[in-house]
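The structure appears right after this line, and notes come after that.
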Amino acid sequence: MKQKRQPVLDETDEKVVELFAELGLPKNLAKTLIYISQVEECKSADVERGANLRQPEVSVAMQELRRRGWATKRDVKKKGKGRPVHVYRLTVPLSEIIRQLEEEKMKEMDSIKESLQELKEMIQRYERK
């Protein structure tokens, strides 16, 4: 990650994002994941700038990261009036996230293999002898 005033995704990060996307993770989720994995904690606006995403994209990605148990959110009260600022932090190392994704993909592959085997067995009756 290149450092400017704040971290931004670099070419290597983008390659990692592409690999996650090839595994079926939405690109915005992958960008958000890679960004927050490289900072202690961050606000949505940090992710927007650092990962070049729009606010709704970051919001959806953060919801999914939290749903999967990969990130947490805490509210920081601003001085004066107004809504608190949400601060996010990754709670699971990337290696564990990859292990979980691998497990999901292996289950998908097993299911596909079972379906193919069942299909092979069932179409035998249509084959001419």
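Is there a residue in region 46-55 that is assigned to a strand (DSSP E or B), at pLDDT below 95, closer than 28 Å to D10 by Cβ and not hydroxyl-bearing (S, T, Y)?
no
Is there any pair linking a residue in region 13-36 that is within 15 Å of K105 (Cβ to Cβ) to one that is aromatic (F, W, Y) and assigned to a helix (DSSP H, G or I), with Cβ under 6 Å and at least six apart or on different chains, and which?
Filtered contacts from region 13-36: A30/F20.
With the structure loaded, tell me whether L101 is outside the structural domain of A45 (by TED's automatic domain parsing) and in contact (Cβ under 8 Å) with a residue 24 or more places away in the chain or whether it fails that test.
For L101, the condition - outside the structural domain of A45 (by TED's automatic domain parsing) and in contact (Cβ under 8 Å) with a residue 24 or more places away in the chain - is met.
Test E118 against the stated conditions and say whether it is farther than 15 Å from L25 by Cα, part of a helix (DSSP H, G or I), out of contact with any Ser or Thr (no Cβ under 9 Å at 6 or more places or on another chain) and not aromatic (F, W, Y).
yes
Which residues, counting only those in region 56-86, are within 12 Å of the chain's Cα centre (by Cα), loosely packed, with under 13 Cβ neighbours inside 10 Å and farther than 16 Å from E41 by Cα?
R67, the sole residue that qualifies.
What are the residues in region 37-69 that are among the β-branched types (V, I, T) and more than 28 Å from E108 (Cα to Cα), if any?
The answer is V39, V47.
The values are calculated or read from the model by the stated rules, or taken from the named source; none is laboratory data. Since the model is a prediction, treat every value here as computed from it, not as a measurement. Methodologically, a virtual Cβ is constructed for each residue, glycine included, from the backbone with ideal geometry; neighbour enumeration extends over all protein chains shown.
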